[in-house]
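The values are calculated or read from the model by the stated rules, or taken from the named source; none is laboratory data. Model, not experiment: these values are computed from the prediction. Positions of Cβ are generated from backbone atoms using ideal geometry, with glycine treated the same way; all protein chains shown enter the neighbour counts. Ligands, DNA and RNA are excluded from the accessible area calculation, which covers all protein heavy atoms including side chains. Shrake-Rupley method; radii C 1.70, N 1.55, O 1.52, S 1.80 Å.
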Amino acid sequence: MTNSHKLREHAPAGPFHLACAVLLLGSLLTHATQPTRQPAPKPLYRDPVHDGAADPVVVWNPHRHRWWMFYTNRRANATNAPGVSWVHGTRIGIAESPDHGRSWHYLGTADIQLPPGYGGDQSTHWAPEVITDPDGLHHMFLTVVPGIFTDWNHPRAIVHLTSTNLRSWHYQQRLQLASDRVIDACVLRLPDGTWRLWYNNERDRKSIYFADSPDLRSWTDRGKTVGDQPGEGPKVFRWHDHYWMITDVWRGLAVYRSTNALDWTRQPHDLLAQPGQGPDDGVIGQHPDVVVSGHRAFLFYFTHPGRRGPDARRDGYEQRRSSIQVVELLYTNGWLHCDRDAPTYIELVPPPPLTALPAPFPVRIEVDTARPGQPWPPVWRFFGCDEPNYVYMPNGRKLLARLGELRPDQVYFRSHNLLTSGDGTPDLKWGSTGAYREDEQGRPVYDWTILDRIFDTYRECRVRPYVQIGFMPRDLSVRPEPYRHHWRPGMPYDAIYTGWAYPPKDYQKWADLVYAWARHCVERYGPEEVEQWYWQVWNEPNIGYWQGSREEFFRLHDLAVDAVRRALPTARVGGPDVAGSGGRFMEAFLEHCLRGTNHATGGRGTPLDFVSFHAKGAPVHTNGHVRMGLHVHLRTIRDGFQLLNRFPELRNTPVVIGESDPEGCAACQGPQLGYRNGTLYASYTAASFPRILELAHRHQIRLEGVLTWAFTFEDQPPFAGFRQLASDGIDLPVLNVFRMFSRMDGRELPAHSTGAVPLDTILRHGVREAPDVGVVATGSTNSLHLLVWHYHDDDLPGPPAHVTLILGGLPASWTHLKLLHHRVDDEHSNAYAEWIRLGRPNPLTPEQRARLEAVSAPTPYEPPRPLSADGGEVSIEFVLPRQGVSLLSFVPSDS
């Protein structure tokens, strides 16, 4: 039987467990009490890699809320493998059922770490047994053969491994049992809370032995329990007030009954001894597992379909390959029976929770694919950082290329310090290009070498500049010293405001510098390219970044914008990228640009092709955890939009939120910033962008960009806690959300989630009570994309969402679809979580780095899955954990 049920058979059922069971079974799986419309197929499952699935064990995965099958994976298609070597050398396979056991798809192999003495890369893994203890820790008892061999005459051991997620397994010990050739463990919890393990002792005519343990770690071998005939693969479970043991005796399955799990009586007849009539079922059944589900029980077994008829004793691919099958067990006249030729209407019911975890809560999402709206604007494709020189360093260039891949030539990058004096050596909140200096006579000397290297790297990575014209070169600053700061986290932020933040001593030289730079860009990259860029002056001139007066900034801005336009009359210019909504400073700036006197031309107004301001959230550390401030972030954007609404001339002017982040300092560190490496940042990002677009629609704003001020920090330890998209060359989970955004093309579709928190509620007090399970959907001619997130301000555990997703109004031609489901959560697309599981290593070994880079990539939640539409409608279910983000893509399929 499945090990989850083995544990629960005698576990105490307190009020909490009963309540959780009622919630789970009643609110989520009401339909589970009804027979499925289709019986389980025959065969139930075949391994797509080696075609040698055997020895199945079926367990409930509480992390994904789906049934999993672990199985031995023999290399049946290795037809040139001599002797029995094809049965050796593979890992434990994993399959998953999205529909309560009726169908299964391949997920990969279990990640099992064993000491070197077990054969290294050639280690053989057989017959997994998987159970979960009352604390929620998963245990595997695995048969291990230390190598690949051509015969059966080699040692075999049973080892104990543990896991917190059912995917990654860590070695605990080798069990000291009756001999050096033991296989096929089965574990059951007894009424007194202790544990019993049954296994096959090959040294004693393949008899069944057993051992006892108080805690799954200390085992005492108790000797033989069944030895009337050789057998293997014992499976012990409790059903109809008896203990049952089923063993594989190679002519069918022997059944034994007991009242105390010690003394066993053999059933008069074997199960699955007569061939069945279904596909791949015309031979005996072998090495079973049993899942007791409610009052029903299901027997999973494997077959060698080619071992029949005159070719039965051959040793080819057909004789080696194996398939998994399922049949319902029946209890009649005190014994077990089954009819393998009868349809098996399987509907496995999730067991009640082992530990005090809240049950999943239901969320219903409905999408009307027949009513497309406006194109979903790709406002996400803007990024930036303080340190411009990072982009051409190894990890910076690597990350910039990945940003360019999101939407080639449509991604923009903004950076401070493009005109700052220095030799290009980067540091926290510092960068330089040495573009301007003066000779002994005070004449300007321009040097575009480092600037060219920066912009060349942008274009080589298919990224375009969002040009921030600043900061003030040392030789042009009215107050040049001190100039180079050496700020570090923990120091006062104002320490960064040195000579680069002051007005120019000569405004004409400032204008000449900007003109020469812009003209150089036109000559180097061509006017058609440069007119695609954004140009704006300075950063946050309403706070300490500008140490002059407001009027001095207007003059600085006008002269710079005029210089760019003289170099390229079609250049796209705007600003002012103020901190926050800008308040009175922003009002005065807009009044000046729309109606004031231009300091460069003397005419009325200053060109304003786009308007930009910044918005930040406000996380805090409270009661031992991070609490995000999404409402502060969105309120700032609302206030900025309301301010712009007061200027009718700007009704059709594009708006860029030039920095939009959970807080205001990417290089700072502190407990309130502990959200950055993991899924809280990812889910915040997924939840915030659609709400920003909703605000823009509400205020009739032509929103063109929402710029994420996060990049990477070179030469820093892995996962050092900065706000960044990648750390030490390893992508963070938040970057995978931007990859999801990049797939959201086409027109927005009406989508409603019963779990979404209304925008006005978030504006009032954030996401502090019920979590926000929201959705945005887009559709094009040949695809549909849904982004679904599960966000809460508080970085605390919470129940997962059980999502029922309904797509309605599908085109008549979309009778068959394929689902591609990608996920960001603790188990998917998440190098930080894996780094923690590895013990937080620093520095990383080459092997650790390779592993982290592999798991940082976008990870499918499940393999591509075929779906059938019924009356233009498709319905699926999935579980989304707290801080999880899913991208579901649907494409029409001919099959």
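Of all the listed residues (VAL561, VAL522), the sole one being touching a residue at least 24 places away in the same chain (Cβ under 8 Å), assigned to a helix (DSSP H, G or I), open to solvent by less than 10 Å² (accessible area, probe 1.4 Å) and more than 18 Å from PHE585 (Cα to Cα) is VAL561.
Matching residues to (1) touching an Asp or Glu at 6+ places or on another chain (Cβ under 9 Å); (2) open to solvent by less than 10 Å² (accessible area, probe 1.4 Å):
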{"position": "PRO690", "(1), (2)": "no, no"}
{"position": "GLY746", "(1), (2)": "no, no"}
{"position": "ALA756", "(1), (2)": "yes, no"}
{"position": "GLU769", "(1), (2)": "no, no"}
{"position": "ALA777", "(1), (2)": "yes, yes"}
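Scanning the stretch 488-517 for residues that are outside any helix (DSSP H, G or I), at pLDDT 95 or above and of a type outside the set (D, E, K, R) returns TYR497, THR498, TYR502, PRO503, PRO504. Given the condition more than 23 Å from ASP386 (Cα to Cα) and under 20 Å from the mean Cα position of the chain (by Cα), answer yes or no: does some residue in the stretch 691-702 qualify? The answer is no, given that none of the residues of the stretch 691-702 is more than 23 Å from ASP386 (Cα to Cα) and under 20 Å from the mean Cα position of the chain (by Cα).
A quick yes/no check of all residues on (1) among the small types (Gly, Ala, Ser); (2) modelled with pLDDT under 95; (3) over 23 Å from VAL578 (Cβ atoms):
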position: LEU630; (1), (2), (3): no, no, no
position: GLY640; (1), (2), (3): yes, no, no
position: LEU643; (1), (2), (3): no, no, no
position: ARG646; (1), (2), (3): no, no, no
position: ASP661; (1), (2), (3): no, no, no
position: ALA682; (1), (2), (3): yes, no, yes
position: ARG691; (1), (2), (3): no, no, no
position: VAL706; (1), (2), (3): no, no, no
position: SER727; (1), (2), (3): yes, no, yes
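Is there a residue in the stretch 474-486 that is more than 23 Å from SER612 (Cα to Cα), in a strand (DSSP E or B) and touching a residue at least 24 places away in the same chain (Cβ under 8 Å)? Looking for residues that are more than 23 Å from SER612 (Cα to Cα), in a strand (DSSP E or B) and touching a residue at least 24 places away in the same chain (Cβ under 8 Å), one finds at least one in the stretch 474-486, hence yes.
Among residues that are buried (at least 19 other Cβ atoms within 10 Å of the Cβ) and touching a strand residue (DSSP E or B) at 6+ places or on another chain (Cβ under 9 Å), GLY670 is not included. For the stretch 859-895, the set of residues classified as part of a strand (DSSP E or B), open to solvent by less than 10 Å² (accessible area, probe 1.4 Å) and closer than 21 Å to PHE738 by Cα consists of TYR861, GLU862, LEU880, VAL885, SER886, LEU887, LEU888, SER889, PHE890, listed by residue number.
Against the list (1) more than 22 Å from LEU784 (Cα to Cα); (2) in a strand (DSSP E or B); (3) acidic (Asp, Glu), the condition GLU853 fails is (2). For the stretch 487-517, filtered to residues that are free of Cβ contacts under 8 Å to residues at least 40 places away in the same chain and of a type outside the set (S, T, N, Q), the residue that is surrounded by the most Cβ atoms within 10 Å (Cβ to Cβ) is GLY499. State yes or no: is THR778 in contact (Cβ under 8 Å) with a residue 24 or more places away in the chain and either assigned to a strand (DSSP E or B) or of a type outside the set (Asp, Glu) (or both)? So THR778 passes the test.
Conditions (1) out of contact with any strand residue (DSSP E or B) (no Cβ under 8 Å at 6 or more places or on another chain); (2) of a type in the set (Phe, Trp, Tyr), marked per residue:
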site	(1), (2)
LYS505	no, no
TYR515	yes, yes
ALA518	no, no
VAL522	yes, no
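On the basis of being open to solvent by 10 Å² or more (accessible area, probe 1.4 Å), within 30 Å of LEU680 (Cα to Cα) and in a loop (DSSP other than H, G, I, E, B), does ALA600 make the cut? When the stated conditions are applied, ALA600 does not pass them. Pairing residues of the stretch 806-817 that are touching a residue at least 24 places away in the same chain (Cβ under 8 Å) with residues that are open to solvent by less than 20 Å² (accessible area, probe 1.4 Å) and of a type in the set (Phe, Trp, Tyr), at Cβ distances under 9 Å and at least 6 apart in sequence or on separate chains, gives LEU807/PHE890; LEU810/PHE890; TRP814/PHE890; LEU817/PHE890. Among the residues in the stretch 650-660, are any assigned to a loop (DSSP other than H, G, I, E, B), touching a helix residue (DSSP H, G or I) at 6+ places or on another chain (Cβ under 7 Å) and not hydroxyl-bearing (Ser, Thr, Tyr)? Checked the stretch 650-660: no residue is assigned to a loop (DSSP other than H, G, I, E, B), touching a helix residue (DSSP H, G or I) at 6+ places or on another chain (Cβ under 7 Å) and not hydroxyl-bearing (Ser, Thr, Tyr). What number of residues within the stretch 807-824 satisfy the criterion of being aliphatic (A, V, I, L, M), open to solvent by less than 20 Å² (accessible area, probe 1.4 Å) and closer than 27 Å to GLN883 by Cα? Total meeting the criteria: 3. The residue of the stretch 391-442 that is nearest to GLN724 (Cα to Cα), among those that are of a type in the set (Lys, Arg) and part of a strand (DSSP E or B), is ARG414. Taking residues in the stretch 577-590 that are closer than 18 Å to THR708 by Cα and touching a residue at least 40 places away in the same chain (Cβ under 8 Å), and partners anywhere that are small (Gly, Ala, Ser) and in a helix (DSSP H, G or I), the pairs with Cβ atoms closer than 7 Å and at least 6 places apart or on different chains are SER581/GLY640.
When TYR171, TYR199, TYR209 are screened for being open to solvent by less than 20 Å² (accessible area, probe 1.4 Å), of a type in the set (Ser, Thr, Tyr) and either assigned to a loop (DSSP other than H, G, I, E, B) or at pLDDT 95 or above (or both), only TYR199 passes. Filtered by the rule that a residue be within 16 Å of LYS509 (Cβ to Cβ) and open to solvent by less than 10 Å² (accessible area, probe 1.4 Å), the stretch 422-470 gives ALA435, TYR436, ILE469, GLY470. Pairs are defined by a Cβ separation below 6 Å, a sequence spacing of at least 6 or placement on different chains, a first member in the stretch 402-430 that is under 25 Å from PHE741 (Cβ atoms), and a second member that is part of a loop (DSSP other than H, G, I, E, B) and not hydrophobic (A, V, I, L, M, F, W, C); the pairs so defined are GLY404/ARG462; ARG407/ARG381; PRO408/ARG462; ASP409/ARG462; GLN410/ARG381; VAL411/ARG381; HIS416/ASP386; HIS416/ASN539. When THR259 is tested against (1) surrounded by fewer than 17 Cβ atoms within 10 Å (Cβ to Cβ); (2) modelled with pLDDT of 95 or more; (3) of a type outside the set (A, V, I, L, M, F, W, C), exactly one condition is not met: (2). Set side by side, the residues LEU608, LEU590, LEU634 differ, and just one is among the hydrophobic types (A, V, I, L, M, F, W, C), part of a loop (DSSP other than H, G, I, E, B), open to solvent by less than 40 Å² (accessible area, probe 1.4 Å) and at pLDDT 95 or above, which is LEU608. Restricting the stretch 856-895 to residues that are β-branched (Val, Ile, Thr) and at pLDDT below 95, which is farthest from the chain's Cα centre (by Cα)? Looking at the filtered set, the residue picked out is ILE876. Could you check, for the stretch 358-379, whether at least one of its residues is aliphatic (A, V, I, L, M), within 23 Å of VAL57 (Cβ to Cβ) and open to solvent by less than 30 Å² (accessible area, probe 1.4 Å)? No, there is no match, as no residue in the stretch 358-379 is aliphatic (A, V, I, L, M), within 23 Å of VAL57 (Cβ to Cβ) and open to solvent by less than 30 Å² (accessible area, probe 1.4 Å).
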